[in-house]
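Below is one structure, written out as structure tokens; the observations come after it.
The values are calculated or read from the model by the stated rules, or taken from the named source; none is laboratory data. Keep in mind that what you see is a predicted model, and the values were worked out from it rather than measured. In this analysis, Cβ positions are derived from the backbone assuming ideal geometry, glycine residues included, and neighbour counts consider all displayed protein chains. Heavy atoms of the whole protein, side chains included, go into the accessibility calculation; ligands, DNA and RNA do not. Shrake-Rupley method; radii C 1.70, N 1.55, O 1.52, S 1.80 Å.
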Amino acid sequence: MRIDLHTHTTASDGKLEPVELCQRAATRGVEYLSITDHDTCSAYRELDGSISLPVQLIPGIEFSSCWKSTGIHILGLNVKLQSAVLNRAINYQQTARVLRAEQIADRLEKYGIENSLPQVRQITANSYIGRPHFAQHLVNIGRVKNIKEAFRKFLGPGKPGDVKKNWAPMTQIIEWIREAGGTPVLAHPTKYGLSWTRLGTLLDAFSAAGGQGMEVISGQQQPDLTNRLGRLSVQKGMLASCGSDFHRPEDTWADVGRIPDLPAECTPVWKNWGYP
Ligand code: AMP
Ligand code: MN
Ligand code: MN
Ligand code: MN
């Protein structure tokens with residue numbers, strides 16, 4: 001079965017509307033799809049009225065969080081959308097996002113980027129305000145050449161716009177996901193700049209806090225890395241997930257459904273969800 005458990009829509013920083021994403025996924029052979037927007041499930045509300053969707057949806061979310069001083073992303077997969085705990089968690093994170101945007105704007109002032117918040121707000125299409133909008137603003141005012149440079153100089157790990165302190169900590173996010181009936185999964189484990197040893201420590205802490213899975217596949221990746229992550233999931237007793245982290249069709253390396261199979265030794269995260 002073709003399954004993609006990590007995708008974004010216009011409800012966060014993705015380019016396609018929820019319905020468009022579902023259509024694209026189906027066209028590309030995906031049968032089971034999780035829309036995992038950053039700190040919101042609003043795409044599912046938008047899809048609620050749709051009569052028949054061409055894919056089976058698995059409700060999900062990608063929470064921003066932190067572990068010690070590392071910013072991490074935690075997927076909540078197969079969550080109950082009507083869960084009061086989930087909706088409180090989303091509200092908490094939304095408030096954190098707004099506060100963070102103010103702090104990012106403050107920090108950028110020191111680099112001569114003045115009064116950015118009102119302009120950044122104009123770029124945002126909905127309640128999601130994030131670093132991609134700040135990046136776009138920096139491009140718009142000619143401070144950087146492109147989005148990549150904006151992250152490299154101002155917004156990426158360790159840069160002035162990298163504000164993580166507002167997010168609920170890892171243990172809290174895991175607890176919320178479990179209470180919402182979902183499976184907590186560490187997203188893209190190799191994107192945090194951690195050594196293999198340190199990643200092992202993170203996974204141990206993640207498990208100890210009730211985390212259950214890790215992404216063994218995140219978009220297109222070298223078979224060698226897939227095998228290493230597959231072995232790590234087995235070694236740590238974690239379920240294995242796979243997702244494209246799709247944001248936009250132009251990023252062809254992360255198109256929806258463009259993901260290799262999980263290694264045979266892995267236990268798929270969807271094993272006990274009751275799907276075929
Ligand atoms: P935020 O949710 O506000 O923390 O923004 C994080 C999002 O910014 C990620 O999910 C990516 O979509 C995007 N992002 C992070 N790093 C980069 C980068 N180096 N270049 C382009 N986009 C990035
Ligand atoms: Mn994103
Ligand atoms: Mn992420
Ligand atoms: Mn993502």
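Worth a mention:
- Filtered residues of region 42-74 (kept if more than 16 Å from ligand 2 (Cβ to nearest atom), part of a strand (DSSP E or B) and in contact (Cβ under 8 Å) with a residue 40 or more places away in the chain): Gln56, Cys66, Trp67, Thr70
- Residues in region 225-275 that are more than 16 Å from ligand 3 (Cβ to nearest atom) and among the aromatic types (Phe, Trp, Tyr): Trp270, Trp273, Tyr275.
- Note on region 182-219: among residues that are of a type in the set (Gly, Ala, Ser), modelled with pLDDT of 95 or more and touching an Asp or Glu at 6+ places or on another chain (Cβ under 8 Å), the one that is farthest from His6 (Cα to Cα) is Ala209.
- Answer residue from region 151-163, given it is within 16 Å of ligand 2 (Cβ to nearest atom) and open to solvent by 40 Å² or more (accessible area, probe 1.4 Å) and is farthest from Ser233 (Cα to Cα) among those: Phe151
- Criterion applied to Gly142, Gly161 was being over 20 Å from Ser12 (Cα atoms) and over 18 Å from the mean Cα position of the chain (by Cα), and the one residue passing it is Gly142.
- Among the conditions (1) farther than 25 Å from Leu86 by Cα; (2) in contact with a Ser or Thr (Cβ under 9 Å, 6 or more places away or on another chain), the only one that Gly200 does not satisfy is (2).
- Residues located in region 147-203, provided they are acidic (Asp, Glu) and more than 14 Å from ligand 1 (Cβ to nearest atom): Glu175, Glu179
- Beta carbons closer than 9 Å, at least 6 apart along the sequence or on distinct chains, pair a first residue in region 100-119 that is over 15 Å from Arg131 (Cα atoms) with a second that is outside any helix (DSSP H, G or I) and open to solvent by 10 Å² or more (accessible area, probe 1.4 Å) for Glu109/Asn115; Lys110/Pro160; Tyr111/Arg143; Tyr111/Pro160; Gly112/Arg143.
- So Asn166, is it surrounded by 13 or more Cβ atoms within 10 Å (Cβ to Cβ), outside any helix (DSSP H, G or I) and either away from ligand 3 (no atom under 16 Å from the Cβ) or not hydrophobic (A, V, I, L, M, F, W, C) (or both): yes
- Look at (1) open to solvent by 20 Å² or more (accessible area, probe 1.4 Å); (2) modelled with pLDDT of 95 or more; (3) not β-branched (Val, Ile, Thr) and you find that Leu53 fails only one, number (2).
- For Val30, the requirement of being more than 15 Å from ligand 1 (Cβ to nearest atom), touching a Leu at 6+ places or on another chain (Cβ under 8 Å) and among the aliphatic types (A, V, I, L, M) is not met.
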